[in-house]
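Participant: This is the structure, below, for whatever I ask next.
The values are calculated or read from the model by the stated rules, or taken from the named source; none is laboratory data. A quick note: this is a predicted structure, and the numbers were derived from the prediction, not measured. Every residue, glycine among them, receives a Cβ derived from its backbone with ideal geometry; neighbour counts consider all protein chains shown. Side chains included, ligands, DNA and RNA excluded: accessible areas come from the protein's heavy atoms. Shrake-Rupley method; radii C 1.70, N 1.55, O 1.52, S 1.80 Å.
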Amino acid sequence: MYAQMVKSEATQDDPEKLAEFQARIDRDEKIEPKDWMPEGYRKTLIRQIGQHAHSEIVGQLPEGNWITRAPTLERKAILLAKVQDEAGHGLYLYCAAETMGVSRDELTEMLLDGRMKYSSIFNYPTLTWADIGAVGWLVDGAAIMNQVPLQRTSYGPYSRAMIRICKEESFHQRQGYDAIRKMAEGTPEQKKMAQDALNRLWFPSLMMFGPSDKDSVHSAQSMAWKIKINTNDELRQKFVDQTVPQIEFLDLELPDPGIKWNEERGHYDYTDPDWSEFFDVIKGNGPCNTDRLAARNKAWDDGAWVRDGLLAHARKKAAANVAAE
Amino acid sequence: MKNEWPLWEIFIRGQHGMSHRHVGSLHAPDAEMAIKNARDVYTRRNEGVSIWVVEANNITASSPSDKGPLYEPSESKVYRHPTFFDIPEEVGHM
């Protein structure tokens, strides 16, 4: 989802300890920061939570792009609140990752130099206002599919962060659907923009769930550890089933001619996204990869004097307090 | 850690006279900024009316391996719970 293709780390720990750890997870006990955990569990989770956090932060960029150009003051206030939430979600998740012994600066640096990834979806541009509606509706909608089950994940701090995030995420999806509905019910030109946004963002949204289960090599260990709850294909199918009626309500055309109700399966059939495009975007060749990383690097570099200045001030004040005592 | 801001644990008291409750953590250069940041990160939807911030370094926590000695003794003391005692129905509500 926001964390795609997270590589599971092999673990070489004492088999007895491992069995005890697995038994705790099977009993639905939460694992807490100071508890013993296998090295592979720790490393995999740092990667997964970190990737999730980076996605929340980078995800502000395509939406921030439209804050100054929102069509009304109300839409602008809503979008501003939504983007602020994304920053908050990133912060909750970074803190959860930090409980596993990685520092915030290390995580940030790994994003900035490309050692850690963020979701492929944020490498696509938001070309029109209708895209902002489609992002909230489809991208946040897809994220919710994955995040709701993750509230039950085995790692306590991660689970608690997901609970906070899910509480706020429903606002994101609903404001998006509301914005695109206005367009779909508007003038023919506006409706065309809504259709175009849906067409362009449909397959990238399906890619958010990651490659098909048959090509997904990292699932089994993560599912045993309950840091992944459903398979990629399960969640993707659920997303399609939920979204098709919402498209029909908007009276927009389906973005994929392959979408057909399959009576026998009780699900919609759909066309698989072009996975070669997905792997290309992950590798750094999507339409916006360079821009996104450049924007994050610039923000980090430009903010250095603020971070250093505030810390220097705090140290000086603390020293003065000690001297006065 | 070169110049990383310290970590603060954030506690919020909700609307209805409950105790402050731990809600999460954040980085800030000092206590004053920690409160300002906590207001933005943890109270965007009327979650609270009061914020406490404590630098994470200053918290001493019990260790998971002490679970047995610390908490097992209370398991055998069922008489500490009111339901341990049968009160005859004739006595009425107690």
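Participant: Remind me, what semi-axes does the range B:7-62 give for its equivalent ellipsoid, largest first in whole Å, using sqrt of 5 times each Cα gyration tensor eigenvalue?
Facilitator: Sorted largest first and rounded, they come to 18, 14, 8 Å.
Participant: With labels modelled as points extended 7 Å from the Cα through the Cβ direction, what inter-label distance (nm, one decimal) is found for A:Ala77 paired with B:Ser63?
Facilitator: 5.4 nm
Participant: On to the next question. Report, in listed order, any pair from A:Lys17/A:Lys43; A:Lys298/B:Lys36; A:Lys34/A:Lys226 with a Cα-Cα distance greater than 20 Å.
Facilitator: A:Lys298/B:Lys36, as the Cα separations exceed 20 Å there.
Participant: May I pose another question? Connecting C-alpha atoms closer than 10 Å in a GNM of chain A, tell me which of A:Tyr94, A:Tyr124, A:Tyr158 has the biggest fluctuation.
Facilitator: A:Tyr124
Participant: Now for a different question. Which of the chymotrypsin sites (Phe, Trp or Tyr not before Pro) found in the range A:252-311 are loop residues per DSSP with 14 or fewer other Cβ atoms within 10 Å of their Cβ?
Facilitator: Sparse-neighbourhood loop chymotrypsin sites (Phe, Trp or Tyr not before Pro): none present.
Participant: Need the C-alpha centroid separation for the range B:62-94 versus the range A:46-80, integer Å.
Facilitator: About 50 Å separates the Cα centre of the range B:62-94 from the one of the range A:46-80.
Participant: Further question: Calculate, for the range A:100-190, the solvent-accessible area per residue in square angstrom, rolling a 1.4 angstrom probe over the heavy atoms of the protein chains.
Facilitator: 35 Å²
Participant: May I ask you to derive the relative contact order of chain A, considering only C-alpha pairs under 8 Å and at least 6 residues apart, and to give it as an integer percent?
Facilitator: With pairs under 8 Å counted, the relative contact order is 20 percent.
Participant: What's the average, rounded to a whole number, of partner chain beta-carbon atoms within 10 Å of each residue's beta-carbon in B:40-52?
Facilitator: Per residue, the average neighbour count from other chains is 2.
Participant: Further question on the same structure: Let me check against my output: what whole-number percent is the relative contact order of the range A:138-269, with C-alpha pairs under 8 Å and at least 6 apart?
Facilitator: Across the range A:138-269, relative contact order equals 27 percent.
Participant: A further question follows. So which trypsin sites (Lys or Arg not before Pro) in the range B:9-73 are both in a DSSP loop and have at most 12 other Cβ atoms within 10 Å of their Cβ?
Facilitator: Here the trypsin sites (Lys or Arg not before Pro) that fit, given the DSSP loop and packing criteria, are B:Arg45.
Participant: Show that you can apply the helix-only estimate: for the protein assembly as shown, add -39,500 (n - 2.57) for every DSSP H stretch of four or more residues, divide by all residues, and state [θ] at 222 nm to the nearest 500.
Facilitator: That calculation yields -17000 deg cm²/dmol at 222 nm.
Participant: On to the next question. Quick check on chain B: what are the equivalent-ellipsoid semi-axes from the Cα gyration tensor, as sqrt(5λ), descending, whole Å?
Facilitator: Value: 40, 22, 7 Å, ordered largest first.
Participant: Express in whole angstrom the spacing between the alpha-carbon centres of the range A:117-188 and the range A:200-255.
Facilitator: Between the Cα centre of the range A:117-188 and that of the range A:200-255, the gap is 13 Å.
Participant: Turning to a different aspect of this structure: Given contacts defined as C-alpha pairs under 8 Å and at least six residues apart, what's the relative contact order of the range A:207-265, whole-number percent?
Facilitator: 25 percent
Participant: Still on this structure, please answer the following. Along the Cα→Cβ direction, 7 angstrom out, place labels at A:Gln84 and B:Val54. What is the inter-label distance in nm?
Facilitator: 2.8 nm
Participant: What are the principal axis extents of the Cα atoms in the protein assembly as shown, in Å, biggest first?
Facilitator: Per principal axis, max minus min of the Cα coordinates gives 71, 62, 55 Å.
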